[in-house]
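A short worksheet on the structure shown next.
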Amino acid sequence: MSEQARRRPPKSPRPHRRPQKDPVRILAFEVLRAVDERDAYANLVLPPLLKKAREKNEDFDGRDAALATELVYGTLRRQGTYDAIIAACVDRPLREVDPPVLDVLGLGAHQLLGTRIPTHAAVSATVELARVVLGDGRAKFVNAVLRKIAQDDFDTWVARVAPPYEDDAEDHLAIVHSHPRWVVSALWDALGGGRAGIEALLAADNERPEVTLVARPGRATVEELAASAETEPGRWSPYALRLTEGGEPGAIEAVRDSRAGVQDEGSQLVALALANAPLEGSDSRWLDGCAGPGGKAALLGALAAERGAALLASEKQPHRARLVERALAGNPGPYQVITADGTRPPWREGSFDRILMDVPCSGLGALRRRPEARWRRRLSDLDGFAPLQRGLLAEALKAVRVGGVVGYATCSPHLAETRVVVDDVLRKAGGGYELIDARPLLPGVPELGDGPDVQLWPHRHGTDAMYLALIRRTA
């Protein structure tokens, strides 16, 4: 070594750069971790985190909230597709990749393939997020995977990782439209076949749902809501309004004091059909037998009040019963909320004129709103719901008086939760009941099938996939 080299001062080590914290992406990551670790639902976790972010950081604005929302829901909706793409870019099975790493990769994949965020920004922001929440070592792994993903666009990747439709139609649709294979199969059966219909339905499940309001009759009007926010008329329900992009329901006074609410039009139509079904005799006692969290009960309570009828809202879970009480608070007519099990009811047989049984189910009809449900549910779950659904409907048929009407509803189009349940229960009842054609009670709604029951669809009606069967007791 030369004398000059020996005298040269040693190089200073490169200063360690602290990772930059991006509040939007950190928030999105926190929601995904809650969904994975605690089986939480994003629509329940995200709003309080957004509120907290606004309170802590005055620079966190509406655009930040919109981006966080898009990152969360876009990643969850497309999780199956993104997992297939990520799997093609790593050298180990996905089950061997730590779940927090997969969440960061999913967020990065969605920014690269599902948004207009520039490639360099999507990669650098996600790697920076990885440095904050995972550490430098795993951030390098994230960087390498994202750079592979960035080499192609969404359509090119899907063509590479999905089998051809002709070779395996269900697996093709499952990967292209990001649904579990068993869900694709079940929805296809419920639709009745045909590629165009199932493709349209699966695509609709991946669209951002509109926020629909309900003006509870006698308590608020659509005109009042329209004057309070930027809205468009509902498609089918006379009490519905759709918020335009960026509208905030909580900013509307009528929503804050429960005179109006957020409610999908499919749910409104179910309540309206039951309320308007023709009866023989008195019409003074109504029952909502599975009332939580209270949206349909609030609408039914308002409709009942207009006719001088009383509503009994029953809910098995105490915390959900409290939500029902909150939704019905201030209802102008008589009502009562109780905590009770509808399969072992405290009321006498033949007590009610109208009964709604909106039973617990798989929730496959609301995958637009709860995209994580598609990954959480298993085909075996249906076996657990089946006895409960049958028990609730059987007790409802006993609780309605002769001439009265029962509405059996589910937020699922799965045949095992809809027609199969109704047919089984009516067969075991051994007579004394008849199905009413529900279609005329949804005026103006097209493509309702052959009846007498009704199945709504996101791709046909813009609603959740609500099912309704109306049953009259005849003896």
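The amide H of VAL211, built 1.01 Å from its N in the peptide plane, has LEU243 as neighbours under 5 Å, considering only residues 5 or more places off or on other chains. Taking every alpha-carbon pair under 8 Å whose residues sit at least 6 apart, the stretch 12-123 reaches a relative contact order of 26 percent.
Only Cα pairs under 8 Å and 6+ residues apart enter the sum, and on that basis the relative contact order of the chain stands at 12 percent.
Expressed as a whole percentage, what fraction of the accessible surface of the chain belongs to carbon and sulfur atoms when a 1.4 Å probe is rolled over the protein heavy atoms?
Numbers: 10850 of 21960 Å².
Roughly 49 percent, rounded to a whole number.
Each Lys and Arg adds +1 at its Cβ and each Asp and Glu adds -1 at its Cβ; summed about the Cα centre, the stretch 322-447 shows a dipole of about 360 debye. When nucleic acids and ligands are ignored and a 1.4 Å probe is applied, LEU303 ends up with an accessible area of around 10 Å². List the relative contact order of the stretch 172-285 as a percent without decimals, with contacts defined as Cα pairs under 8 Å and 6+ residues apart. The value is 22 percent. Computed over the stretch 237-315, the Cα gyration tensor eigenvalues convert (square root of 5λ each) into semi-axes of 25, 13, 11 Å, ordered from largest to smallest. This model, with +1 at the C-beta of Lys and Arg and -1 at the C-beta of Asp and Glu, gives the chain a dipole about its Cα centre of some 1780 debye.
Secondary structure note: in the chain, about 55% of the DSSP beta bridges are antiparallel. In summary, the helical segments of the chain meeting the span-like criteria, namely a full DSSP H run, a Cα extent along the axis of 24 angstrom or more and a mean Kyte-Doolittle hydropathy of at least -1.0, are 381-399. Close amide H partners of ALA310, meaning residues 5 or more places away or on another chain with modelled amide H under 5 Å apart, are ARG285, TRP286. DSSP bridge analysis restricted to the stretch 246-349 gives an antiparallel fraction near 0%, rounded to the nearest 5. Charges were assigned to the Cβ only: +1 to each Lys and Arg, -1 to each Asp and Glu. The resulting dipole of the stretch 39-96 about its Cα centre is roughly 140 debye. The stretch 431-462 and the stretch 362-400 have their alpha-carbon centroids 19 Å apart.
When you count the other C-beta atoms within 10 angstrom of each residue and take the mean per peptide, 431-442, 124-135 line up highest first as 124-135, 431-442. Accessible surface computed residue by residue for the stretch 145-288, with neighbouring protein chains in place and a 1.4 Å probe, gives 44 Å² per residue.
Sort the stretch 147-304 into rounded, prolate or oblate with this rule: let a ≥ b ≥ c be the square roots of the eigenvalues of the Cα gyration tensor; rounded if a/c is under 1.5, and if a/c is not under 1.5, prolate when a/b is larger than b/c, oblate otherwise.
Here the stretch 147-304 falls in the oblate category.
Summarised in one figure, the compactness ratio Rg/Rh of the stretch 62-164, Cα atoms and Kirkwood Rh, is 0.94. Near THR221: Cβ cut-off under 15 Å, other residues only, Lys/Arg at +1 and Asp/Glu at -1. The net charge is -2.
How about the stretch 277-377: which GluC sites (Glu not before Pro) there are in a DSSP loop, with at most 16 other Cβ atoms within 10 Å of their Cβ? Show your work: numbers first, answer last.
Numbers: sites: GLU280, GLU306, GLU315, GLU325, GLU349, GLU372; in loops: GLU280, GLU349, GLU372.
When the GluC sites (Glu not before Pro) of the stretch 277-377 are filtered for loop state and at most 16 Cβ neighbours within 10 Å, GLU280, GLU349 remain.
When the chain is described by a simple charge dipole with +1 on each Lys and Arg Cβ and -1 on each Asp and Glu Cβ, the residue from ASN276, TYR335, ILE26 located farthest towards its positive end is ILE26.
The mean of 1/r over all pairs of different alpha-carbon atoms in the stretch 66-124, once inverted, gives a Kirkwood hydrodynamic radius of 11.7 Å.
The values are calculated or read from the model by the stated rules, or taken from the named source; none is laboratory data. Nothing here was measured: the structure is a model prediction, and the numbers come from that model. Heads up, the Cβs are rebuilt from the backbone with ideal geometry, glycines too, and the neighbour counts pull from every protein chain shown. Side chains are part of the model used for accessible areas, which takes the heavy atoms of the whole protein and leaves out ligands, DNA and RNA. Shrake-Rupley method; radii C 1.70, N 1.55, O 1.52, S 1.80 Å.
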